[in-house]
1. Pop out the ³J(HN,Hα) list for the stretch 66-72 in order, Karplus 6.51 cos²θ - 1.76 cosθ + 1.60 with θ = phi - 60°, rounded to Hz; leave Gly and Pro as x.
2. Given a cut-off of 19 Å, what percent of all Cα-Cα pairs of the stretch 9-129 lie beyond it?
3. Angle, helix 74-87 long axis vs. longest principal axis of the chain, Cα atoms, 0 to 90°, nearest 10?
4. Holding the Cα-Cα limit at 32 Å, pick out from LYS28/LYS99; LYS28/LYS75; LYS28/LYS74; LYS74/LYS131; LYS162/LYS191 the pairs that are longer than that.
5. Report the residue, chosen from ILE145, ILE105, ILE68, that carries the largest GNM mean-square fluctuation when the chain is represented by alpha-carbon nodes joined by springs under 10 Å.
6. Quick one: grab Rg to one decimal and Dmax as a whole number for the stretch 105-161, Cα atoms only, in Å.
7. Given Cβ point charges of +1 (Lys, Arg) and -1 (Asp, Glu) and nothing else, what value in debye, to the nearest 20, does the dipole of the stretch 9-129 about its Cα centre take?
8. With the chain treated as a Gaussian network of Cα nodes joined by springs under 10 Å, which of LYS28, LYS180, LYS75 yields the largest mean-square fluctuation?
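Since every read-out is calculated from the coordinates, none of them should be taken as a lab result. These numbers come from a predicted model, not from an experiment. Positions of Cβ are backbone-derived with ideal geometry, glycine not excepted, and every protein chain shown enters the neighbour counts.
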Amino acid sequence: MDTAIKFSDIVIAAATLLGPIFAVQAQKWLEASREKRARMLAIFRTLMATRAAALSTAHVEALNAVPIDFYGRKKVMDVWETYFRHLSAGPMNDAWLQKRADLLIELLTTIGNEVGYKFNAAQMQNIYFPKALGARGDDADAIQIGMAAIMRGKASFPIEVKIGPEPTVLQSDILKGLGKIINEGGALHVKVQN
C-alpha cells in the first residue's frame, strides 16, 4: 500500500479547501464594485436632474459626494476641484454665473464619460425648467428671507390700512358716543334685557 502523499493530492486538497474562500472573496469584490458604480451613477443622475437647480439640497449633497465616490479618478477630481474653487469664489455676477454653468457642464460631461455616458456639452445644456417653477422658487425664497428678517427683528410686516366711507362714519359715531359718556359724568349706562 502506497502511503506517500503525492503533489497532486496536496493541490486537490488545497483547491477543495481554498476554492470556496476564493469564491466568497471574489463575490465580495464584485459586490463592492457594483455598489461603487451604483453610487457614481446616483451622483451623476442627481447632478443631471438638478443641474437647473444648483441650490437644491440634492444637488449640493451630490457635489459633496464626488470626492468620496470618485476618489482616485483623476480626470473627475481635477474638474471637480476647479468647479469647487469657482463656487467658493465671488463676486456672484453674470460672468460668474456663466462660468459656473460652463464648469458644471464640464463636470457633468467628465463624470458622464467616467460612468459610460457619452453626452456632449450641447446635450448637457438641454434642460427643461419651466418659468413657473422658477417663479415659484423665487417667491419661496422671498418669503423665507422676509420671514427670517422679521423673526430677527430686522424688518416688520408691511401693513397698509385702508378706510372706506362706512368705517369712517362708524368711527365718528363711536367717538361722539364716547364723548357724550365722558361729558355726562364718565358713566356708562347699561341696559339689561331678558
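1. Each residue's phi maps through the Karplus curve to give 4, x, 6, 8, 10, 4, x Hz.
2. Numbers: 3995 of 7260 pairs.
Tail of the P(r) past 19 Å holds 55 percent of the pairs.
3. 20
4. Values: LYS28/LYS99 42 Å; LYS28/LYS75 27 Å; LYS28/LYS74 25 Å; LYS74/LYS131 37 Å; LYS162/LYS191 34 Å.
Flagged as over cut-off: LYS28/LYS99; LYS74/LYS131; LYS162/LYS191.
5. ILE145
6. Over the stretch 105-161's Cα set, Rg and Dmax evaluate to 20.2, 62 Å.
7. I would put it at about 120 debye.
8. Result: LYS180 has the largest fluctuation of those listed.
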